[in-house]
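We did not get these values from a lab; they are worked out from the coordinates using the rules stated. Source: prediction; values computed, not measured. Here the Cβ positions follow ideal geometry from the backbone for every residue, glycine too, while neighbour counts run over all protein chains shown.
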Ligand SMILES: [Zn+2]
């Protein structure tokens with residue numbers, strides 16, 4: 001069997017085995033079984049060093065050739081999946097399609113990363129690259145990617161996460177929106193509604209303030225790629241009975257940002273438009289803003305184009321990924337989308353050819369870099 005055929009066979013075998021684990025959030029037994037499986041696979045590859053971390057019981061694994069926290073390239077994969085029906089954990093192959101829960105988000109890609117590390121292990125000298133495998137991306141990554149950056153101090157020079165993907169086109173995502181969830185609680189003055197002039201209605205007062213706050217955001221229109229900050233009133237609470245003036249009211253806002261500096265802008269707007277209110281930040285995620293003309297983005301795009309024979313789509317994304325904590329630490333990175341579809345859906349699939357191309361592209365990207373140094 002040729003090396004190319006062996007790489008393909010290994011990726012397919014591993015991907016099928018990984019899909020077999022029901023590694024959903026909270027399924028500790030299956031997460032631990034999946035963890036043991038990848039650790040065992042990697043530990044059999046001679047020069048690889050393994051480091052295991054735990055944050056609130058959630059494991060992460062780093063596999064590297066040199067002990068480092070400043071690798072030239074860190075590739076991130078997550079092995080947790082969203083809930084699937086029982087048959088989705090029994091992978092199927094239909095032509096070029098690998099079908100099953102996590103095929104495209106992102107156990108197929110993790111299989112490619114595992115085989116990549118095995119193939120890189122034969123190089124001399126060994127490259128200063130690593131893979132990080134986490135188990136909590138689907139629930140925000142606090143105990144995985146965020147933990148590795150914020151608590152363990154990982155500061156790679158560049159990050160790639162091949163997480164999920166487009167449909168029929170390869171995608172390179174270089175920018176992702178940041179998120180800020182805020183709860184604003186407004187005080188009023190209770191009164192019987194028959195004597196409403198003696199009270200102060202917290203609900204209407206808060207809605208007036210909210211109206212002025214939202215007016216500061218660019219107007220929503222039907223642009224397909226709406227690359228501007230947005231604010232969604234996602235939750236509202238207030239009032240206790242039909243005949244009372246509400247004494248308190250609160251709104252929860254989902255604010256999406258395209259640039260890091262907009263966090264300060266939002267801060268100022270909140271203070272200006274909600275005077276006298278209690279303002280709590282529930283979540284704050286940094287936007288990812290790797291310049292599309294960053295050297296490594298350009299180089300990766302070229303290598304991918306050679307491997308696929310197609311020009312990939314270099315774009316921004318409205319969702320968030322495990323790149324966020326790295327972006328917050330000033331580390332550039334990209335999210336690479338393979339060919340596949342129905343991520344999180346009942347028919348989730350990944351193209352087997354594209355998993356092999358992912359392997360080949362990363363291999364060429366890593367080895368070209370060494371040649372040029
Ligand atoms: Zn994912």
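For this structure, a couple of remarks:
- Length-normalised contact order of the chain in % [C-alpha pairs under 8 Å, at least 6 apart]: 23
- Report note on the peptides 262-269, 62-69: ranked by the mean count of other C-beta atoms within 10 Å, highest first, their order is 62-69, 262-269.
- Estimated FRET transfer efficiency (residue 211, residue 260; beta-carbon r; R0 35 Å; 0.05): 0.80
- Summary of packing: across the peptides 302-309, 106-113, the per-residue average of other C-beta atoms within 10 Å ranks them, highest first, as 106-113, 302-309.
- Based on DSSP H segments of at least four residues, each scored -39500 (n - 2.57), the chain has a per-residue ellipticity at 222 nm of -10000 deg cm²/dmol.
- Exposure proxy for 129, 297: other Cβ atoms within 10 Å of each Cβ, ordered fewest to most, give 297, 129.
- Prolate/oblate/rounded call for the chain, Cα gyration tensor, a/c under 1.5 rounded: prolate
- In terms of overall dimensions, region 198-283 has a Cα radius of gyration and Dmax of 14.7, 48 angstrom.
- Counting other Cβ atoms within 10 Å as a rough exposure proxy, the listed residues 58, 45, 173 run 45, 58, 173 from fewest neighbours to most.
- In range of the label at residue 237: residues from region 163-192 whose backbone nitrogen is under 13 Å from the point 7 Å along Cα→Cβ: 183-186
- The calculated FRET efficiency for the pair residue 150 and residue 9, based on their C-beta separation and a Förster distance of 25 Å, comes to about 0.05.
- Packing rank of 321-330, 227-236, where each peptide gets the mean count of other beta carbons within 10 Å, highest leading: 321-330, 227-236
- On the beta carbon distance between residue 268 and residue 220, with R0 = 22 Å, the FRET formula returns roughly 0.55.
- Whole-Å distance, taken between Cα centres, linking region 24-97 and region 301-373: 18
- Helix 202-214 vs. the chain, principal-axis angle (Cα, 0 to 90°, nearest 10): 50
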